[in-house]
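Bear in mind these aren't lab numbers, they're just calculated from the coordinates by the rules spelled out. Because the structure is a prediction, the values reported are computed rather than measured.
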Amino acid sequence: MQMKETLSGKYLAILALIAVVVLALGSRLRPHETAPVPPSPSETARLEQRVRREQAAGIGQYLASRAAELADQAVFLTARGTSTVRYESPTKVVTIAGPEDFLEPSQ
């Protein structure tokens, strides 16, 4: 029994068809990654401004709520022309000189 030295055309056509099918399936099944498009400088600047505005609004809301909670503790001493803070009781205040008794009517 002797092997043929040449390949038949039918055999080559089937091999070529299998190769095409394998390549087509491989290209469909492989993951496709698209490179992210970097945002333009103006878009980046707008996003940064929006984030800063949102952060500033949040900080402003927090400070406003804290100020509303502590509003009763702040006192203006008309005799000295300065502000001070109450502590422990409505008649005690803290000044730059230290704790003092508060005798003025609250405003």
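Brief remarks follow.
- Sequence-ordered 3J(HN,Hα) estimates for region 56-71 from the Karplus curve with 6.51, -1.76 and 1.60 and θ = phi - 60° stand at 5, 5, x, 5, x, 5, 4, 5, 5, 5, 5, 5, 5, 5, 9, 4 Hz, glycine and proline given as x.
- Backbone HN-Hα couplings from phi across region 16-26 [Karplus 6.51/-1.76/1.60, Hz, Gly and Pro as x]: 5, 5, 4, 4, 5, 5, 4, 5, 5, 5, x
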